[in-house]
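Q: This structure is in structure tokens; I'll ask about it shortly.
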Amino acid sequence: MAFIEGVSSLKTLINGRESSLLLCINGRAIVSNTVLIWSIAVTLFLSGDVAFAENWPNWRGPTRDGISFETSLPVEWDTERNIAWKRAMPAWSGSTPVIWSELIFINVAVDDDNLELWCLDRNTGDTKWARPLSGGNRRLRKQNMSSPSPVTDGERVWVMTGTGIIKAFDLEGNELWARNIPESYGAFGLNWGYASSPLLHGDALYVQVLHGMRTDDPSYVLRLNAETGETVWRVERPTEAVRESPDSYTTPALLEYDGTTEIVITGGDAVTGHAIDTGRELWRADGLNPTRNRSYRIIASPVVHDGLIYAPTRVKPLLALRPGGRGDVLGTHVVWTTDNGPDVPTPVTDGEFFYVVNDSGIVFVSDAKTGDPVYGPVRIQTGTYSASPVLADGKIYITNEGGMTTVFKTGPTFEVLAENDFDDYCLSSPAISDGQIFIRTTGYLYAIGERRSHAGN
């Protein structure tokens, strides 16, 4: 069906409580009316295939929360079995593959010095084009300078490096503009290297630079014109955090409620909300490091889903907040807290259950609305976990640093469905598109499962 082209996800809740449909077209969420809901739903069901093509336009997918609405996804694989193709990689990276229609974009450390943006054919893994991003690549503990994930709107692709270079390209690989953020505002001063990905919303890119371990310069948030790269605003983000605690490796989240849109930032012991037009701080919960630990850097990103803001920190506490506050909201808008946070992997939620996989592979599941424990702690495969889980098809997919992906069921009962071993170093989170799962290790980018045929092709 032709209308399915460009439609990335569909979610219909028919349970007597919700009558809205979340429709992501070209990666952008809208809420549709009931008439449109039923016309689309009926058409899909009559087609006999409700699992249709979905783009993965940024690190956390089409709705920026680690959720895919595709079904009938692969569950079991290894380095040869159920692999559509694999493409050799020159190095490891924390960057997630970004997928749009026939193209895959990846941030690549090609050698000990150089960083490139690669555009691959999503059907074969072959290179369509490669463009230089920056020199100055270096290993900084387990990171290199390719950690930020690209973002695309299907017409352009933007990518930032750990060296602070951000560039825009069209889909043919023509460079549209470039910026050197440290040249404009000072060198990055994070202990583990810069790793935040830009957030695309409308005609703007939002970039955070939250640091303090290796600089006395202030942390700040930028809004860049996506068309030109020019700075629209820059606002400093004050913090009382000290030593390593100002450092944040998170990616900004988009909060939309009651006709209001805000940018959510975590780092420097606090979670804050900012106006998109000015960057002005609207609210703050300075409660992510209540003991003022000097080493409380934040890696797991904020999650916005179904009317709540989830703000992880270095394990404890994780805060769940309702939107709409102004000023200090720590005492007024925190809905629940838990000390069973993740540290590095960003949690995921379907709005009913909240799933945390911590660095050691311990799973905690809570009620997403109340924080009440559902189950956990339970252990999946032993190892270190830096990638973030994704939720799709009634399953959680989570990959450890040894390349083992555990697949377990969503819902109130823990059940492991599969353990799939690539036996290769992995920091990158899975991506999902058109029936396939993409996982990037040190040695390869794997396309897992067969691509679902497009109706009408």
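Q: So which pairs qualify, if the first residue must be in segment 360-373 and over 16 Å from residue 311 (Cα atoms) and at pLDDT 95 or above, the second must be surrounded by 14 or more Cβ atoms within 10 Å (Cβ to Cβ) and β-branched (Val, Ile, Thr), the Cβ gap must be under 6 Å, and the two must be at least 6 apart or on different chains?
A: The qualifying pairs are 361/380; 363/357.
The rows are residues; the columns are (1) hydroxyl-bearing (Ser, Thr, Tyr); (2) within 19 Å of residue 312 (Cβ to Cβ).
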{"site": "214", "(1), (2)": "no, no"}
{"site": "224", "(1), (2)": "no, no"}
{"site": "230", "(1), (2)": "no, no"}
{"site": "248", "(1), (2)": "yes, yes"}
{"site": "262", "(1), (2)": "no, yes"}
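This table checks each residue for (1) modelled with pLDDT of 95 or more; (2) buried (at least 22 other Cβ atoms within 10 Å of the Cβ); (3) more than 21 Å from residue 85 (Cβ to Cβ).
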position: 125; (1), (2), (3): yes, no, no
position: 131; (1), (2), (3): yes, no, yes
position: 142; (1), (2), (3): no, no, yes
position: 154; (1), (2), (3): yes, no, yes
position: 162; (1), (2), (3): yes, yes, yes
position: 170; (1), (2), (3): yes, no, yes
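Q: Among the residues of segment 328-342, is there at least one that is touching a residue at least 24 places away in the same chain (Cβ under 8 Å), under 19 Å from the mean Cα position of the chain (by Cα), over 21 Å from residue 268 (Cβ atoms) and in a loop (DSSP other than H, G, I, E, B)?
A: no
Q: Another one. Of the residues that sit in segment 253-268 and are free of Cβ contacts under 8 Å to residues at least 60 places away in the same chain and buried (at least 24 other Cβ atoms within 10 Å of the Cβ), which one is farthest from residue 210 (Cα to Cα)?
A: Per the stated criteria, the residue is 264.
Q: Among (1) closer than 26 Å to residue 300 by Cβ; (2) modelled with pLDDT of 95 or more; (3) surrounded by fewer than 17 Cβ atoms within 10 Å (Cβ to Cβ), there is one condition residue 228 misses while meeting the rest; what is its number?
A: (1)
Q: Right, something else. Taking segment 413-438 as the search range and keeping residues that are surrounded by fewer than 23 Cβ atoms within 10 Å (Cβ to Cβ) and hydroxyl-bearing (Ser, Thr, Tyr), which one is farthest from the chain's Cα centre (by Cα)?
A: Checked segment 413-438; the qualifying residue farthest from the chain's Cα centre (by Cα) is 413.
Q: If we keep just the residues of segment 413-457 that are basic (Lys, Arg) and part of a loop (DSSP other than H, G, I, E, B), which is modelled with the lowest pLDDT?
A: Out of the qualifying residues, it is 452.
Q: Being modelled with pLDDT under 95 and either on the phi < 0 side of the Ramachandran plot or surrounded by fewer than 19 Cβ atoms within 10 Å (Cβ to Cβ) (or both), is that true of even one residue in segment 398-412?
A: no
Q: Could I ask something else about it? Answer yes or no as to whether residue 120 is in a strand (DSSP E or B) and either within 30 Å of residue 417 (Cα to Cα) or touching a Lys or Arg at 6+ places or on another chain (Cβ under 9 Å) (or both).
A: Considered against the rule, which asks whether it is in a strand (DSSP E or B) and either within 30 Å of residue 417 (Cα to Cα) or touching a Lys or Arg at 6+ places or on another chain (Cβ under 9 Å) (or both), residue 120 comes out as yes.
The values are calculated or read from the model by the stated rules, or taken from the named source; none is laboratory data. Computed from a prediction, not measured in an experiment: that's the story for all the values here. Positions of Cβ are generated from backbone atoms using ideal geometry, with glycine treated the same way; all protein chains shown enter the neighbour counts.
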